[in-house]
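The values are calculated or read from the model by the stated rules, or taken from the named source; none is laboratory data. A quick note: this is a predicted structure, and the numbers were derived from the prediction, not measured. No Cβ is skipped: glycine too gets one built from the backbone with ideal geometry, and neighbour counts run over all protein chains shown. For accessibility, only protein heavy atoms count, side chains too; no ligands or nucleic acids. Shrake-Rupley method; radii C 1.70, N 1.55, O 1.52, S 1.80 Å.
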Amino acid sequence: MIFCTRKVPRFRTMFSNLIHYPRYSLYWSKADPVPPFIRQEWKRHEEKHREALWHLAITDTSFQMAKEVYADPEVTGKNRYKYFERPFLPFHQQMPLNVVFAVTKTEPYTFPTTSAKYPSIPSKCTVGTQTDYRDAEVQTDPYSPEYVVCQESIPELLTLATLTWGRGLPAGQAEVEMIERAREKRAWEATLPCLSDTSQFEKRRRMMNAMERKEWAFREQEIEKLQEIRLEVLKELLKKRDENQNEVNMKHLNAQWSKLQEAKEAKLAQIQHRHVSAIRKLVGKGKNIEGKLERRNIIKDYSDYASQVYGPLSRLGRFPDNNSEDFVVKNHYLNTYEGLVELESCLPDFVTQPRIRPPKPKVTTTKAGFLKRAARMEHELAEVHKAILDKKNKVLEPKKLLRFLQRKSLPQPRLPTPTLEMSSIEEEDIEMAVIYLQKLLRGRVVQNTMFEGKEKRLELIQELRTSHALQEDDRLKKAEKQLTLALQRQRNLHEHKVSLVENHLAGLEGRVLADMFDFLSKELVRLQEERRIHAFAMLAERQRRMREAEESGRRQVEQRRLREEDQIFKEVVKVHQSTVTSYLEDIILNTEENTAEEQARAEIEKMAEEINDIAYEMESRRTQLQSEEIVAELVYSFLIPEVQKDFVKEKVRNAQQKHILAAHQIIHRHTEAMLKKNFVEQQQDEVSDTDQLLEEETQNEKNN
């Protein structure tokens, strides 16, 4: 049975948001929230695939399901620690080999007294716990139990006490090789002759020399491996540095390109803006070609709802809706009832329940009974303020009627505003030319005045120039003198430093040469020993490589065969899976198409039957008056709109006819004038040509 929680509202506090007055209560319900037709067991993708293959194997006898091959759990191998209740892991602290822990002291068992009615229960007890998780999932460092080592025996496991979790554990290939070398060394130490036997002393020395050469060869191999690893790391670092540098360069290039693109776009926008402004100015000038000044028609502006009064343009500097959203307050605490309740609950008591304290009376007098200066000043200010208010609120008395007539002085009339009247454009041009000539004459007068003043003070100007030149020569000489002295001091300091450096270098060269000769003599001896050791190492390396080559050949053949078998199995399973998928897809698509076609046909037939029933019922109930009304509506909806459309077209045509006639008259009038002019010019040309021909003929006759 499945239990779930269900919310049951409380009607008294249904709209409350307070914690101590909840809106609903939670009750256990036996109703299952999942519908019964939904399967509640969940299967992974692998299990679904395996189930589909199993059904296919049942239905199709020719299909053979592949056997499931389970991976080796390696109970006695690397996964051995998973099959223990308490894993045995080495301790973390380094301890000596011969360690014997003290025996834990156990208190003797005390039997309960016979007089006691019930046995005594201890206040503390240790209980073992069992967890559902592995140690690797809940512990940072594995648990290391206590142990006791006998004094006569030395377990091999204690030789690995230096390995701790994260520093050698879990053990890898390097740790296994180290353990094997330690075992070989212990076996070799067991085969060494005793030191007490003098006859075997030479044999012991030879064996120790051979082991030392072997250790040196192994150490050189380790050094070579470390050097190779370092070289690989350096290569990776250099490669990464080059990649980072290329990435930085690409970023710089992209940033520069984007900056240039932004500048280009800004320049284009600026050019476009200037272009639009110039076009707008040209259009404005085209509207007023004669340049007449027109006053603003306020009535027209306010009657036209598309004017600048109602919709000002932003290019003229008016932004009526700029940043209007900044003034819209949208707050949950102010727009909802729940927010107001929450805000009120957060306020302190002194806000909702204000406490007003009566003000203390100000002391305006001193101890001696005199009035304070601040109080006196406040009293004076209050009197001034009162006088100002009285004067401001004073009601003007109505003027009394005059007993005698008095003469009123009339204001002087305003002088007429001077105006400049131009009878024609030529006079205006002459006036502008005269004004320009006046400007030129005034500028020339100012230039002549400045030139005369310069000629009068020419000697004083030359004297000032010579005095400044002499002062500059003195300053240059002093600067050159200071520069030469500074260079001389710098050269002396440089020579002193060079002599000190040469002395130090001579001493250092002597010490370096002595150390170098000593090092070379020692290096020669070391190289001879190294070559002899290298020869032995090369022989051993050659034998090891031959064995490794044989083993690698066998391993490669085996791995190639395993890869071929795995690939064949994968291809076979893929083919089976693709065939099953395509077969199921075809079946599902065919069934969907058939089902959809049948449902569509049924719905269409049902809809047609309903429409036919409604039409037949309306035909049976319809009267003569309804038939005539339907015919009238059809005639009204088809004929009358067409007549109205023709009437509107004729009206528009008649309205446009007068404009077309006026345009034709203007065009034909200009064209007729041009034709007459051209005809007259042609006649004049013909007359002139005939006159020239006649004159030429007469001249020719005279000459003959």
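The table that follows gives values for the structure above.
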item	result
Under 30 Å from the Cα of Lys497 - lysines, other chains or at least 8 residues apart	Lys478, Lys481
For region 143-223, the spread of Cα positions along each principal axis, largest first, Å	51, 38, 12
Extension gain (nm, one decimal) between Gln227 and Val75, 0.36 nm per residue minus Cα-Cα	50.9 nm
Accessible surface of region 566-640 [probe 1.4 Å, protein heavy atoms]: carbon and sulfur percent	61
Straight-distance crosslink candidates among aspartates and glutamates, where the alpha carbon sits under 18 Å from Lys651 and sequence neighbours closer than 8 are dropped	Glu642
With all protein chains modelled, accessible area of Ser258 [1.4 Å, Å²]	40
Space enclosed by the convex hull of the alpha-carbon atoms of region 454-556, per residue, Å³	213
Exposure of Arg80 as accessible area (Å², to 10), given a probe of 1.4 Å and all protein chains	130
Directionally averaged shadow of region 184-309, computed from the convex hull of its alpha-carbon atoms, nm²	19.3
D_trans [Stokes-Einstein, Kirkwood Rh over alpha-carbon pairs] for region 576-662, 37 °C, 0.692 mPa s, µm² s⁻¹	164
Region 164-224 versus region 356-384: alpha-carbon centroid distance in Å	106
Simple label model, 7 Å out from Cα along Cβ direction - Ser552 to Leu169, nm	3.5
Label-point gap, in nm, between Ala615 and Gln488 - each point 7 angstrom along Cα→Cβ	12.9
For region 507-609, projected area of the alpha-carbon convex hull averaged over all directions, nm²	19.8
Per residue Cα convex hull volume in Å³ - calculated over region 590-637	67
Order by protection proxy (mean Cβ within 10 Å, highest first), peptides 209-219, 487-497	209-219, 487-497
Filter on Lys362/Lys386; Lys287/Lys649; Lys287/Lys677; Lys185/Lys214 - keep pairs with C-alpha separation over 23 Å	Lys287/Lys649; Lys287/Lys677
